[in-house]
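Enquirer: Following this message is one structure expressed as structure tokens.
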Amino acid sequence: MAEIVQQRIEDRIPELEQLERVGLFTKKEVKSIIKRATALEYKLHRLIVNKEDFIAYIQYEINVLELIKKRRAHIHYHFKREEIEFPIIHRITSLFRRATKKWKDDVQLWFSHVAFCKKWGTKMAISKVFSSMLAIHPDKPALWIMAAKSELEDRDSSESARHLFLRALRFHPNNKKVYQEYFRMELLHCEKLRQQKEQLEKAEMDLGEYEFSPEILSGKLAEVVYRDAVGKIKEAGFVISLLNIATIFDFTKELQDLILNDLQTNYTEDSVTWDFMAKRELDAPGAGDELPTAKGRASDINRREERCCQVYEEGVKSLNTEPMWTCYVAFCLERLKRKTNVQELKDKRQERLLTVMQRAHDSSLLKESYYKNWLEILLLSGDAEGAARVAMTATQRYSQSVSVWSLSLQTLMQLGSGDIGRLFQDALTHVNPKESLPLWHLQVQWSIENQSPEDTEAVFKRSLLSPVSAVAMEMKEKYLDWSFSTGGYKKARKTFMSLQENRPLSKAFFTRMIGIEKKQEMPKMNNLRDYYERALQEFGTFDDDLWLQYILEEQGTYGEPQNCGKIHWRAMKFLEGESVERFTTRYTLFQTGHLGGAQ
């Protein structure tokens, strides 16, 4: 091993001598480089080599390169690069090769090598790295795209890029992203050729030796890619994505027309097509910003939006589905949210949206989330009767949805509707009990604000009968809090005593009662002990924190410290598993004064 390391260090001597000779580094700095490089080399020749050692070595060599670059700029010396930088670059490339050979699956390592080659290496070197990487990772489409883009951008080779995309499609024949980027590449290549031809014509040069095929210049290669792509991936959204790419280029009118024709001929059963075609009407030629007044511009915008709606109307006539209505409603909602100072336009947008929502609802095809928007608009516009009607019809349309019931009940509560109590019962009958907690919270809130304490208590007692443990436990906590806030300590204690055997119980139920007791002017320690003992019956086998709290309570103002030893003995007996170790550690910290209270 030592011989190999020594040989590698000796191989560096010519470049180091040059660095010293031309004044880029001092003798002392050269010695420091040799010392550091030797240490790094030895790490790479151990029996077990870490990836971090390779990375550290590579980073050190890159730092040396950067320093040389700065020193050259400082002293204005730009010679002997072949003797100085080239060996270092070669060495880093070799280190990367060794590392990527050993850790083939580390894509980030490959990326680092590519990044290094882009900055310091040759264009040919980048191609070789990508070629090696793709041989190991052919299953990653993004890498094929990166490699092809590199060929086009770094090496100016459309032929190599095309070859890589075709190979990528052999591995990923239905990958949208690969097709999109391949399509874009062909259009970029075409644009570049057109620019070259234009420049040569401007310079009045003879085009004889250059070949500019009219078919290629018109984008026929991109059309071939398009036809192949849509033959394999028959989705409207994908076709639209290719059309959007084509519209970036100003020479693709024929290609755009072809794609549009395909879209309107073959994809009318997809709401995405109608949505796209409708929104195109917004950008259709018109007076637009050239109109002198805000009212004139608003009128033009309204006409465009009306044209969009005409397309949507055709869409819902042809395709009466929820996704189609969703596109229509989403468009109208987005237009309403746009700011305008012209009230007439704002009113038309709102009227249009409310009409579309009503029609979608009448067809039972209005998406659940849009009922919230519908109710908000009606409430803001002061249409209480309409809001109440929509709230009721929403619960009929989505009778099992907790969010719809919550929204509708909140709306009816806000409007002061008289039959809320019955509606809460309907809601709890229809929804899954596991999801009913928000409705119980809402009913309690309504009852507190609108009913007598006796009625509110009846609501709480009904909630405790829930078959779902999580609901029953949380409502017990809420019941206890409400009892304390309305009837004080006596009421809270009475509620606690009535529920303490009514399982399931949560730890928070007991700790809330403990907190209520401690808020009294003269807390009763016997009551606190009773609460702790009852809590420990439920949670004493695993909750070390509860035992520690109990000990701290006995150490406090109203407790008896001599009881602590007995509680500690019981804790060690009852606790199980890891909780024993946690309790022991925290109790020791408390005893030594490092724990001021339960954490």
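The values are calculated or read from the model by the stated rules, or taken from the named source; none is laboratory data. Small disclaimer: the values here were computed from a predicted structure and weren't measured. Neighbour counts run over all protein chains shown; Cβ positions are idealised from the backbone, glycine included. With ligands, DNA and RNA removed, areas are computed over all heavy atoms of the protein, side chains included. Shrake-Rupley method; radii C 1.70, N 1.55, O 1.52, S 1.80 Å.
Enquirer: For region 504-517, check the following and say yes or no: at least one residue is buried (at least 21 other Cβ atoms within 10 Å of the Cβ), of a type in the set (Gly, Ala, Ser), without any contact (Cβ under 8 Å) to a residue 24 or more places away in the chain and within 28 Å of residue 455 (Cβ to Cβ).
Expert: Checked region 504-517: no residue is buried (at least 21 other Cβ atoms within 10 Å of the Cβ), of a type in the set (Gly, Ala, Ser), without any contact (Cβ under 8 Å) to a residue 24 or more places away in the chain and within 28 Å of residue 455 (Cβ to Cβ).
Enquirer: Can you name the condition, by its number, that residue 533 falls short on among (1) closer than 22 Å to residue 579 by Cβ; (2) surrounded by 15 or more Cβ atoms within 10 Å (Cβ to Cβ)?
Expert: (2)
Enquirer: While we're here: Within the bounds of region 448-455, is there any residue that is out of contact with any helix residue (DSSP H, G or I) (no Cβ under 7 Å at 6 or more places or on another chain), exposed (fewer than 13 other Cβ atoms within 10 Å of the Cβ), among the hydroxyl-bearing types (Ser, Thr, Tyr) and not in a helix (DSSP H, G or I)?
Expert: Yes: region 448-455 contains one or more residues that are out of contact with any helix residue (DSSP H, G or I) (no Cβ under 7 Å at 6 or more places or on another chain), exposed (fewer than 13 other Cβ atoms within 10 Å of the Cβ), among the hydroxyl-bearing types (Ser, Thr, Tyr) and not in a helix (DSSP H, G or I).
Enquirer: Let me ask you something else. Report, by residue number, each residue of region 519-530 that is surrounded by 15 or more Cβ atoms within 10 Å (Cβ to Cβ) and either among the basic types (Lys, Arg) or touching a strand residue (DSSP E or B) at 6+ places or on another chain (Cβ under 9 Å) (or both).
Expert: 529
Enquirer: When you scan region 76-85, do you find a residue that is over 24 Å from residue 149 (Cα atoms), out of contact with any Leu (no Cβ under 8 Å at 6 or more places or on another chain) and modelled with pLDDT of 90 or more, even just one?
Expert: Checked against the condition, which is being over 24 Å from residue 149 (Cα atoms), out of contact with any Leu (no Cβ under 8 Å at 6 or more places or on another chain) and modelled with pLDDT of 90 or more, region 76-85 yields no hits at all.
Enquirer: Find the residue count for region 459-481, including only residues that are open to solvent by 40 Å² or more (accessible area, probe 1.4 Å) and either closer than 20 Å to residue 422 by Cα or free of Cβ contacts under 8 Å to residues at least 12 places away in the same chain (or both).
Expert: Result for region 459-481: 3.
Enquirer: (1) more than 34 Å from the chain's Cα centre (by Cα); (2) modelled with pLDDT of 90 or more: which one isn't true of residue 434, the others all being true?
Expert: Failed condition: (1).
Enquirer: Sticking with this one: So, in region 239-256, exactly how many residues are more than 17 Å from residue 224 (Cα to Cα) and among the aliphatic types (A, V, I, L, M)?
Expert: Looking only at that region, the number is 1.
Enquirer: Taking into account only those residues within region 197-243 that are among the polar types (S, T, N, Q) and surrounded by 13 or more Cβ atoms within 10 Å (Cβ to Cβ), which is modelled with the highest pLDDT?
Expert: Among residues in region 197-243 that are among the polar types (S, T, N, Q) and surrounded by 13 or more Cβ atoms within 10 Å (Cβ to Cβ), the one modelled with the highest pLDDT is 241.
Enquirer: So which residues in region 173-192 are part of a loop (DSSP other than H, G, I, E, B) and crowded, with 17+ Cβ neighbours inside 10 Å, if there are any at all?
Expert: Across region 173-192, the qualifying residue is only 175.
Enquirer: Count, please, the residues in region 482-499 that happen to be under 16 Å from residue 463 (Cβ atoms) and loosely packed, with under 15 Cβ neighbours inside 10 Å.
Expert: Number satisfying all stated conditions: 1.
Enquirer: Take the conditions assigned to a helix (DSSP H, G or I), closer than 27 Å to residue 3 by Cβ and open to solvent by 90 Å² or more (accessible area, probe 1.4 Å) and apply them to residue 90. Does it pass?
Expert: Considered against the rule, which asks whether it is assigned to a helix (DSSP H, G or I), closer than 27 Å to residue 3 by Cβ and open to solvent by 90 Å² or more (accessible area, probe 1.4 Å), residue 90 comes out as yes.
Enquirer: So, in region 507-539, of the ones that are touching a Phe, Trp or Tyr at 6+ places or on another chain (Cβ under 9 Å) and among the polar types (S, T, N, Q), which residue ends up nearest to residue 574 (Cα to Cα)?
Expert: Selected residue: 511.
Enquirer: Which of the residues belonging to region 479-498 are within 40 Å of the chain's Cα centre (by Cα) and under 23 Å from residue 549 (Cα atoms)?
Expert: Passing the criteria: 480, 481.
Enquirer: While we're looking at this one, here's another question. Working carefully through the options 55, 4, find the one that is under 30 Å from residue 111 (Cβ atoms), modelled with pLDDT under 85 and open to solvent by 40 Å² or more (accessible area, probe 1.4 Å).
Expert: One residue alone meets the criteria, 4.
Enquirer: Please pick out the residue among 521, 517, 501 that is within 22 Å of residue 547 (Cα to Cα), in a loop (DSSP other than H, G, I, E, B), over 42 Å from the mean Cα position of the chain (by Cα) and not β-branched (Val, Ile, Thr).
Expert: Among 521, 517, 501, only 501 is within 22 Å of residue 547 (Cα to Cα), in a loop (DSSP other than H, G, I, E, B), over 42 Å from the mean Cα position of the chain (by Cα) and not β-branched (Val, Ile, Thr).
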